[in-house]
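The values are calculated or read from the model by the stated rules, or taken from the named source; none is laboratory data. Everything quoted here is computed from the prediction, not taken from an experiment. In this analysis, Cβ positions are derived from the backbone assuming ideal geometry, glycine residues included, and neighbour counts consider all displayed protein chains.
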Amino acid sequence: MTQSFIDPATLDKTALEHGADFAPRFDGNGLIMAVTTDAASGTVLMVAYMNAEALELTLSTGLVHYYSRSRQSLWKKGESSGEMQQLVEIRTDCDQDVLLVRVNQTGRGAACHTGKRSCFYRSVEIRDGSPVLVTNDEPQIFDPEEVY
């Protein structure tokens, strides 16, 4: 990989927020949040993190890679499930510390390891004065017990 990113510390506020230099601001653990959406519908599919290597691989291969904080390792989305994400576009927020990753979700169309299309298949509602999770009617696309 020959991709390298501009060090955001070398840019002033105007350059960082309005310039053409891509200078992702990784956190103290070397990670940047990636909000992943379906490129066609805009549906939020998942939120994960990328390190510099995952971002470089995503840009160079066109297949989305993330960094697993729990496993402390790089992973290519869909490598075991077949539910790959083809990169359409990466956007960054104004101060370049969050990425918006727009993808075409391949395979059967499930981005979530639970077999759902989106990781956001539950809503928080207040019932009897307490917050509870309510599952929406989104179908399960695959059985994770059979896939993982």
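List of remarks:
- Count of segment 5-38 residues which are touching a helix residue (DSSP H, G or I) at 6+ places or on another chain (Cβ under 8 Å) and surrounded by fewer than 16 Cβ atoms within 10 Å (Cβ to Cβ): 2
- Residue in segment 118-129 that is at pLDDT 95 or above, closer than 14 Å to Met50 by Cα, in a strand (DSSP E or B) and touching a Pro at 6+ places or on another chain (Cβ under 8 Å) present: no
- Across segment 135-146, the number of residues qualifying as surrounded by 11 or more Cβ atoms within 10 Å (Cβ to Cβ) and either assigned to a strand (DSSP E or B) or more than 23 Å from the chain's Cα centre (by Cα) (or both) comes to 1.
- Candidates are the residues of segment 22-34 that are assigned to a loop (DSSP other than H, G, I, E, B) and in contact with a Phe, Trp or Tyr (Cβ under 9 Å, 6 or more places away or on another chain); the one that is farthest from Arg91 (Cα to Cα) is Asn29.
- Any hit, segment 57-73, residues being touching a residue at least 60 places away in the same chain (Cβ under 8 Å) and among the hydroxyl-bearing types (Ser, Thr, Tyr): no
- All conditions but one from (1) within 15 Å of Asp93 (Cβ to Cβ); (2) in a loop (DSSP other than H, G, I, E, B); (3) among the polar types (S, T, N, Q) apply to Thr37; the one that does not is (2).
- Checked against (1) of a type in the set (Gly, Ala, Ser); (2) modelled with pLDDT of 95 or more; (3) in a loop (DSSP other than H, G, I, E, B); (4) more than 28 Å from Ala20 (Cβ to Cβ), Gly42 passes all but a single condition, namely (4).
- Of all the listed residues (Leu74, Leu87, Leu63), the sole one being surrounded by fewer than 16 Cβ atoms within 10 Å (Cβ to Cβ) and farther than 24 Å from Glu145 by Cβ is Leu74.
- For segment 85-118, a residue qualifies if it is in contact with a Leu (Cβ under 6 Å, 6 or more places away or on another chain) and over 30 Å from Ala15 (Cβ atoms), and the qualifying residues are Ala111, Ser118.
- Residues being in contact with a Gly (Cβ under 9 Å, 6 or more places away or on another chain) and either more than 16 Å from Thr36 (Cβ to Cβ) or exposed (fewer than 15 other Cβ atoms within 10 Å of the Cβ) (or both) are represented in segment 108-130 by at least one member.
- When Leu74 is tested against (1) within 21 Å of Phe120 (Cβ to Cβ); (2) in contact with a strand residue (DSSP E or B) (Cβ under 7 Å, 6 or more places away or on another chain), exactly one condition is not met: (1).
- The condition of being more than 18 Å from Arg108 (Cα to Cα) and in contact with a Gly (Cβ under 7 Å, 6 or more places away or on another chain) holds for only one of Asn29, Asn51, that being Asn51.
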